[in-house]
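The values are calculated or read from the model by the stated rules, or taken from the named source; none is laboratory data. Worth saying up front: this structure is predicted, and the values here are computed from it rather than measured. Here the Cβ positions follow ideal geometry from the backbone for every residue, glycine too, while neighbour counts run over all protein chains shown. Please note that ligands, DNA and RNA were not included when accessible areas were found on the heavy atoms of the full protein model with its side chains. Shrake-Rupley method; radii C 1.70, N 1.55, O 1.52, S 1.80 Å.
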Amino acid sequence: MLRSVILAASRSSQVERLVATAPYTRDVVRRFVAGAATDDALRATRGLVDDGLAVTLDHLGEDTVRPEQATATRDEYLKLLKMLGDAGLTPAAEVSVKLSALGQMFDEQLAYDNARAICAAADAAGTTVTLDMEDHTTTDSTLEVLSRLRKDFPSTGAVLQAYLRRTESDCRELSSAGSRVRLCKGAYKEPESVAYQSAREVDKSYVRCMNILMSGDGYPMLATHDPRMIAIGEDRARWFDRGPERFEFQMLYGIRPEEQARLAGEGHTVRTYVPYGDEWYGYLMRRLAERPANLVFFGRALISKK
Ligand SMILES: Cc1cc2nc3c(=O)[nH]c(=O)nc-3n(C[C@H](O)[C@H](O)[C@H](O)COP(=O)(O)OP(=O)(O)OC[C@H]3O[C@@H](n4cnc5c(N)ncnc54)[C@H](O)[C@@H]3O)c2cc1C
């Protein structure tokens, strides 16, 4: 119930105005977002890489409705990738891209062209791209764009969401050699017709999907903060003899950093998803929806007059 309310608020421009102008919002945002500028993203990446973590960078922004906005997002990624390459931060750092920020909502071909330019820049910088997955109305389009991109850039990664009923079958499709797949639970509000609704059903689906990916021939990227899913991931890695070159754990910037360090210390590849940029609102609201404890922290900051 609380999750539904917060996810509804994530689409409200009135709530966005209220949140954005509250006195201590910036402090809360800083916990989950690396900063507004490309330099901030680079600085955070350098720190994480020095600590033995891999990184994927997300320039915040989604649901773009104008071609100029989509072009600006593409250009930001091109600039970022050039800077990462010049700073010697590739291949440790790759980028995560939302097709909706590249024009998917009004022109799928434009989104493809923009994503292709980003894949080419990533390739030139010695790294790669993962396409984030958004709400279920975009899944087919995103997987279609992925399959077109993979013809020229085979390491382009996909994201599959365990809460969707279709995902076991998508995992089978995408578990072939060379295929990089990030498995997450899923962060959007989805109807029962397409998605499991209870946490227990989602967790069971996550484990089934993980089994398919870890026993397959691709490169699984297990994106979760859930101690139970991580323990099962470690178990499957032993069972299927997957070392740090053959799968990775992924977690979000600012969430469970000690656990990220522990897994890396045990020899696993761990990648931190680092968001940066001005458009943090939708991202932050999804993080709040996932964990009511974050909401208490945020609520205190919102009402503070200091
Ligand atoms: C790298 C990465 C990329 C992602 N990309 C996408 C994407 O493209 N599309 C998409 O829909 N979603 C994406 N997500 C979000 C994902 O779908 C989930 O919404 C999110 O990760 C929360 O699910 P969870 O598996 O971490 O566990 P949850 O079910 O949220 O939590 C389970 C348990 O994990 C622990 N935990 C969770 N959060 C915290 C916390 N803040 N602090 C301490 N412990 C915590 C707690 O023990 C909790 O009980 C991504 C997540 C990650 C990590």
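Quick look at the numbers
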quantity	calculated
Contacts under 6 angstrom Cβ, first residue in segment 250-264 being near the ligand (Cβ under 6 Å from one of its atoms), partner open to solvent by 30 Å² or more (accessible area, probe 1.4 Å), 6 or more apart	251/225; 255/225; 256/225
Residue check for residue 223: farther than 27 Å from residue 189 by Cβ, touching a strand residue (DSSP E or B) at 6+ places or on another chain (Cβ under 6 Å) and either modelled with pLDDT under 95 or hydrophobic (A, V, I, L, M, F, W, C) (or both)	no
Yes/no for residue 142 being within 13 Å of the ligand (Cβ to nearest atom), farther than 25 Å from residue 256 by Cβ, touching a helix residue (DSSP H, G or I) at 6+ places or on another chain (Cβ under 8 Å) and open to solvent by less than 10 Å² (accessible area, probe 1.4 Å)	yes
Of the criteria (1) touching a residue at least 24 places away in the same chain (Cβ under 8 Å); (2) more than 15 Å from the ligand (Cβ to nearest atom); (3) of a type outside the set (Val, Ile, Thr), which one residue 115 fails	(2)
Only listed residue being of a type in the set (A, V, I, L, M, F, W, C), modelled with pLDDT of 95 or more and more than 16 Å from the ligand (Cβ to nearest atom), chosen from 237, 195	237
Test result for residue 19, open to solvent by less than 60 Å² (accessible area, probe 1.4 Å), more than 25 Å from residue 269 (Cα to Cα) and away from the ligand (no atom under 14 Å from the Cβ)	yes
Matching residues, segment 95-111, being assigned to a loop (DSSP other than H, G, I, E, B) and away from the ligand (no atom under 11 Å from the Cβ)	103, 104, 105, 106, 107
Residue satisfying all of: in segment 282-293; closer than 19 Å to residue 11 by Cα and over 15 Å from the mean Cα position of the chain (by Cα); modelled with the lowest pLDDT among these	292
Boolean, residue 127 is assigned to a loop (DSSP other than H, G, I, E, B), in contact with a Ser or Thr (Cβ under 9 Å, 6 or more places away or on another chain) and among the polar types (S, T, N, Q)	yes
